[in-house]
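Data first, discussion second: the structure below is written as structure tokens.
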Amino acid sequence: MKRTQSNDYFKEAESIFPGGVNSPVRAFKAVGGNPLFIDHAQGSYLYDVDGNQFVDYVLSWGPMILGHAPKDVLEKVQDALWEGTSYGAPSPREIKLGKLIKERLPFVERIRMVNSGTEATMSAIRLARGITKRPKVVKFIGCYHGHSDSFLVQAGSGVASFGIADSAGVIPEVARETIALPYNDLDALRTCFEEHGHEIACVIVEAIAGNMGLIPGHKEFIEEIRRLTTEAGSLFIIDEVMTGFRAHYQGAVGLYKVDPDLICLGKVIGGGFPVAAFGGKAQYMNQIAPLGDIYQAGTLSGNPIAMAAGYENLRLLTKEVFDHTVEKTAYLCQGIRNLAEKHGVALQVVSVGTMFGFFFSEKPVLNFEDSKQADHQLFAKAHGLLLQEGVYIAPSQYESNFLSSAHSYEDLDRTLAAFDKAFSQL
Ligand SMILES: *Cc1c(COP(=O)(O)O)cnc(C)c1O
């Protein structure tokens with residue numbers, strides 16, 4: 001497979017951007033080699049600048065649930081463009097997307113649009129701290145909630161891929177207020193509340209963790225967070241930036257039937273544009289400015305083009321379209337399991353809704369420790385072999401993979417053939 005042009009672009013990019021990229025995991029450091037530079041994308045495919053075609057399971061790290069460049073979404077975006085690209089004033093487009101999210105997720109009583117998942121989680125914990133007048137935030141080791149200071153403590157995603165336990169540049173006074181507990185560990189959670197309950201502003205969790213590989217939270221674990229936070233007067237925040245409209249039609253909240261105080265959304269709700277949101281119970285959300293004294297703002301928040309894209313994307317993501325995508329995900333994962341067995345490869349394949357992941361591991365992976373112990377070298381090798389066969393999966397075992405409604409069974413069979421070949425060479 002020719003990579004000349006990608007390699008040339010990467011060289012040039014390195015003279016402009018640190019490490020040649022604008023977000024770390026894109027650099028392919030966890031799997032070796034240079035990243036591919038993308039020329040264009042259509043449906044389930046990515047095309048790189050050398051003209052290679054790939055079946056894409058990264059999908060911009062989740063957002064493109066209808067596949068790339070869906071015609072109906074693009075048409076609405078084009079229409080919107082001619083009406084101006086940003087107003088800095090309210091517009092009906094915000095209402096359309098906000099209303100649709102509320103219809104699909106009825107527990108969200110009030111919502112605020114922001115521009116990235118990082119902003120959503122950062123603002124949600126400020127809200128929790130402002131409401132409770134308490135300093136501490138509880139998160140779980142290996143969960144990723146964006147790159148704001150409070151969350152760069154034992155985080156997942158790129159932070160894990162690069163082996164950075166705690167980012168430099170985060171002052172100890174801030175890091176100290178973040179308590180990081182092992183995921184799926186009821187005892188640690190209970191002990192933490194016994195010792196610190198009165199200081200805890202909130203617990204934030206990826207109820208289905210997607211940034212240390214894909215690891216679903218146990219239902220009792222999620223329910224215990226709800227119970228303990230209620231008892232302690234802390235807020236319960238579910239970070240659904242990745243899982244919203246992905247893990248289940250109603251996200252992790254729908255899957256577990258829990259009742260969080262706040263949730264964070266992102267990725268799918270923007271359909272490939274920079275949109276995220278946080279929302280939840282009105283009694284809490286109404287404490288942000290302009291109604292309350294907890295400040296949060298954004299020049300481009302509720303951007304009309306992004307709202308048009310997000311609305312059309314979600315509107316087209318009907319329950320039926322979603323369910324078909326879930327079926328395809330299950331088909332692919334069962335196929336991969338069968339092939340691992342055929343080739344004697346120790347592999348854990350995990351799927352939830354339209355998300356999937358795998359660990360080169362003998363035993364099931366329940367938390368970040370297990371995920372770290374999976375064979376990352378073997379993953380890197382498999383990643384390279386799959387790429388060679390035209391299959392683009394996330395370039396780190398700590399990342400989840402995704403399906404879109406545009407993936408055909410033909411794509412899936414082609415992918416399985418690539419896995420068959422890759423496994424035979426491991
Ligand atoms: C991607 C992600 C974020 C951060 O979103 P950005 O838009 O990259 O800032 C936060 N939380 C979770 C669970 C995510 O997957």
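Every number here is computed from the coordinates shown, using simple stated rules; none is lab data. Note that the structure is predicted; figures quoted are calculated from it, not measured. Here the Cβ is made from the backbone with ideal geometry for all residues, glycine too, and neighbour counts use every protein chain on show.
Using only the C-alpha atoms of the range 96-165, find the volume of their convex hull and express it per residue in Å³.
It comes to 116 Å³ per residue, whole-number rounded.
Express in nm, to one decimal, how much length is gained between Ser15 and Glu199 on full extension, taking 0.36 nm for each residue of separation and deducting their alpha carbon distance.
Full extension of this stretch gives 61.6 nm more.
For Met212, what residues show an amide H to amide H distance below 5 Å, using hydrogens built from the backbone and excluding near sequence neighbours?
Amide H neighbours of Met212: Ser157.
Starting from the Cα-Cα distance between Lys99 and Met1, subtract it from 0.36 nm times their residue separation and give me the gain in nm to one decimal.
30.6 nm
Would you mind giving the average projected area, over all directions, of the Cα convex hull of the chain in nm² with one decimal?
19.7 nm²
Under the rule a/c < 1.5 gives rounded, and otherwise a/b versus b/c splits prolate from oblate, where does the range 4-50 land using the Cα gyration tensor?
prolate
Extent of the range 223-333 along each principal axis, from alpha carbon coordinates, in Å, largest to smallest?
47, 38, 18
Taking 27 Å as the cut-off for C-alpha to C-alpha distance, list the pairs among Lys328/Lys363; Lys319/Lys342; Lys267/Lys319; Lys139/Lys257; Lys139/Lys219; Lys219/Lys372 that go past it.
From Lys328/Lys363; Lys319/Lys342; Lys267/Lys319; Lys139/Lys257; Lys139/Lys219; Lys219/Lys372, over 27 Å: Lys319/Lys342.
How far apart, in nanometres, would the label points at Ala69 and Arg414 be if each is projected 7 angstrom from Cα along the Cα-to-Cβ direction?
Going from the Ala69 label point to the Arg414 one covers 1.5 nm.
Using DSSP, restrict attention to beta bridges with both residues in the chain and report what percent are antiparallel, rounded to the nearest 5.
Antiparallel bridges make up about 60 percent of those DSSP assigns within the chain.
Can you list the residues, at least 5 places off or on another chain, whose amide H is less than 5 Å from the amide H of Ile141, using H built in the peptide plane?
Close amide H contacts, sequence-distant or interchain: Leu181, Tyr183.
What is the antiparallel percent of DSSP beta bridges lying wholly in the range 70-314, to the nearest 5?
Around 45 percent of the beta bridges assigned by DSSP in the range 70-314 are antiparallel ones.
Within the range 281-345, which trypsin sites (Lys or Arg not before Pro) sit in a loop by DSSP and count at most 16 neighbouring Cβ atoms inside 10 Å?
Lys281
Kindly provide log₁₀ I(q)/I(0) values, in the same order as q = 0.09 Å⁻¹, from the Debye equation applied to equal alpha-carbon scatterers of the range 70-314.
Once normalised to I(0) and log-transformed, intensities are -0.37.
So for the range 272-387, taking the charge dipole from beta-carbon charges (+1 Lys/Arg, -1 Asp/Glu), which of Ile294, Phe360, Leu386 sits furthest toward the positive end?
Sorting the options by dipole projection puts first Leu386.
Whats the longest run of the chain with zero GluC sites (Glu not before Pro) that are DSSP loop and have at most 16 other Cβ atoms within 10 Å?
110-361
What whole-number volume per residue, in cubic angstrom, does the convex hull of the C-alpha atoms of the range 286-426 give?
Once divided by residue count, the hull of the range 286-426 is 174 Å³.
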